[in-house]
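For reference, the structure discussed in these notes is given below.
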Amino acid sequence: MTIEHGLALSWDEWGNTDAVALAKLIRAGHLSPREAARQAIHAASRLDSRLDAVVEVFNDIAENPSRDGADLNGPLGGVPFFIKDLGSAIKGRLRESGSVLGKGRRAGRTDPLFDNLHQSGLVAVGRSTTAEMGMTYDTTTNYRGLKVTRNPWNTEFTPGGSSGGSAALVASGAVPLAHSTDGAGSTRIPAALTGLVGLKVTRGRLPGPWSFSEYGNATLGEGVFSRSVRDTAAFLDAAAAHRPPGKNFIAVPSPAKPFIEALQEVPGKLKIGFSTGRWGRATAPDPSIAELTRAFAQTLQALGHEVEEIDDGELTQWENFWPSFKTFWLGMRPAMWTLDHGGELPPHLLEQLTPMARKFWQTSQRYDKNAVLRHQAANNAHALALGTFFERYDLLLAPVFAIPAPKANGPFSLMNDRDFGTYVEELLDAGRYAIPASDAGIPAISLPAGLDRNGIPAGVQLYGRWFGEYQLLQVAADLERHRPDLFGRKPPLHVSNPVALS
């Protein structure tokens, strides 16, 4: 293997080394944190002319990896990762939310999540792209000129959204880990479309930004993309290590033991419900996606679990759920955009939003306090219904995305300027399997399940009980042991593939 001049590892070694292994190499002195940061930045820069996944790299970190507070003696000391340009932020760094509404805004304080990650030794080397304000399943923005983030499996297709940049960078081997958020599938859907592991944690499991708590932001949480289950567990141990007193609106139990230990424990026989139904939508899912999910159900059966197809009417009252979620996504989410602008969006900023983001804002003005109260009641009923389901089943298996990967800057791009009602219904149809977990605040993990008809990855997900991340990681690790062919597959556009990068 040839090592490029000035780099510590060959590109093949770099692209095939996960975060846990890289931390071991750094501790053993095979490379330094500075060398790791430099190679990650070089990798991202090398790939980005094809991916458009990077907002900026932190070149100062390449000279001083502890500049933002990373403890390089921590368990993941020196391991580089990218942060999504939405959600938690680092003091002094830009956090623009993919929008003119946040353009040029620097964080005055490091948020608790990144304090935790810094204590573990993780080193943020740059910001990755997000859909504007995190509102869709495509990652295209225009606030710094048109930027279309692309899938390393085929650059004609999207890596999903809204955390598309982070997913593309991990899948292409630039970094082993990247930060994400998930309010309606924004971790799990990009993970599915790029062949990664994507964990959405229980509401409140991880500390959110200083500016908000779970009250009023019930579906929103932060997470991670990785290529291995052990990296996901290691990240979760780091991210959940500390919660500032008073930061959580809800009581959060401390983990009984480290999440990384779940990898060593084989789960007992579990009762798993699975569904590829309509979940209250007018359209059926794509047959190829349903077939991949059924094949995955058979894999779980072969591992000794009891897997039973369920009627999706057992999950919730769909006729109440979807109008309620629309109140949140179309009414409450855009209304939050005004918090930094005195309760109103200035006309000059409104004009600069992407066309569909502008329509989200305009639609939000139609919702009133009564709609919000109805949403809160329906959210409670939905969580109770899933609670009843989990009295009878340990896990729920479902697809992640109801359709094959769309084109980049395609039907879900906020750069579209088309009928808003049709756009929203198509968005909800595609995200039908991801959204209910976010709304209820339960954990869910996306796992690779194979390739769709276009050769792009598709994923399945497992829903767990509230604070059931340990069990989800147990099952995911067992699947990774028995089906290694599904995990860690390299796309054509990969840091180790000189032909693709030439």
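The values are calculated or read from the model by the stated rules, or taken from the named source; none is laboratory data. Note that the structure is predicted; figures quoted are calculated from it, not measured. Positions of Cβ are generated from backbone atoms using ideal geometry, with glycine treated the same way; all protein chains shown enter the neighbour counts.
For the range 226-250, a tally of residues being over 16 Å from Asp18 (Cα atoms) and part of a loop (DSSP other than H, G, I, E, B) returns 11. Is it the case that some residue within the range 369-386 is outside any helix (DSSP H, G or I) and out of contact with any strand residue (DSSP E or B) (no Cβ under 7 Å at 6 or more places or on another chain)? Among the residues of the range 369-386, not one is outside any helix (DSSP H, G or I) and out of contact with any strand residue (DSSP E or B) (no Cβ under 7 Å at 6 or more places or on another chain), which makes the answer no.
Residue by residue, here is whether (1) more than 21 Å from the chain's Cα centre (by Cα); (2) under 30 Å from Thr155 (Cα atoms); (3) in a loop (DSSP other than H, G, I, E, B) holds:
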residue	(1), (2), (3)
Leu47	no, yes, no
Asp68	yes, no, yes
Gly74	yes, no, yes
Gly87	no, yes, yes
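All conditions but one from (1) surrounded by fewer than 24 Cβ atoms within 10 Å (Cβ to Cβ); (2) out of contact with any Leu (no Cβ under 9 Å at 6 or more places or on another chain); (3) touching a residue at least 60 places away in the same chain (Cβ under 8 Å) apply to Phe157; the one that does not is (2). Only residues that are exposed (fewer than 13 other Cβ atoms within 10 Å of the Cβ) and not polar (S, T, N, Q) were counted in the range 251-283, giving 9.
This table checks each residue for (1) surrounded by 22 or more Cβ atoms within 10 Å (Cβ to Cβ); (2) at pLDDT below 95; (3) within 30 Å of Trp361 (Cβ to Cβ).
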position	(1), (2), (3)
Asp419	no, no, yes
Gly431	yes, no, yes
Ala444	yes, no, yes
Gly450	no, no, no
Arg453	no, yes, no
Leu462	yes, no, no
Tyr470	no, no, no
Leu473	yes, no, no
Asn497	no, yes, no
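Yes or no: Ser120 of a type outside the set (A, V, I, L, M, F, W, C) and surrounded by fewer than 23 Cβ atoms within 10 Å (Cβ to Cβ)? When the stated conditions are applied, Ser120 passes them. The residue list Leu94, Leu86 contains one member that is surrounded by fewer than 20 Cβ atoms within 10 Å (Cβ to Cβ), closer than 30 Å to His348 by Cβ and either of a type in the set (A, V, I, L, M) or touching a helix residue (DSSP H, G or I) at 6+ places or on another chain (Cβ under 7 Å) (or both), which is Leu94. When Ala335 is tested against (1) of a type in the set (Gly, Ala, Ser); (2) exposed (fewer than 14 other Cβ atoms within 10 Å of the Cβ); (3) more than 22 Å from Gln471 (Cβ to Cβ), exactly one condition is not met: (2).
Pairs only if they're at least six apart or on different chains, beta carbon under 6 angstrom, first in the range 4-20 and modelled with pLDDT of 95 or more, second hydrophobic (A, V, I, L, M, F, W, C) and outside any loop (DSSP other than H, G, I, E, B); list them, first residue then second. So the pair list comes out as Ala19/Leu177; Val20/Ala234.
Okay, residues lined up against (1) closer than 19 Å to Lys84 by Cβ; (2) touching a strand residue (DSSP E or B) at 6+ places or on another chain (Cβ under 8 Å); (3) in contact (Cβ under 8 Å) with a residue 60 or more places away in the chain:
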{"position": "Ser172", "(1), (2), (3)": "yes, no, yes"}
{"position": "Tyr215", "(1), (2), (3)": "no, no, no"}
{"position": "Pro245", "(1), (2), (3)": "no, no, no"}
{"position": "Leu263", "(1), (2), (3)": "no, no, yes"}
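Here Met415 meets the list (1) among the aliphatic types (A, V, I, L, M); (2) under 20 Å from Glu132 (Cβ atoms); (3) assigned to a helix (DSSP H, G or I) almost entirely, failing just condition (3).
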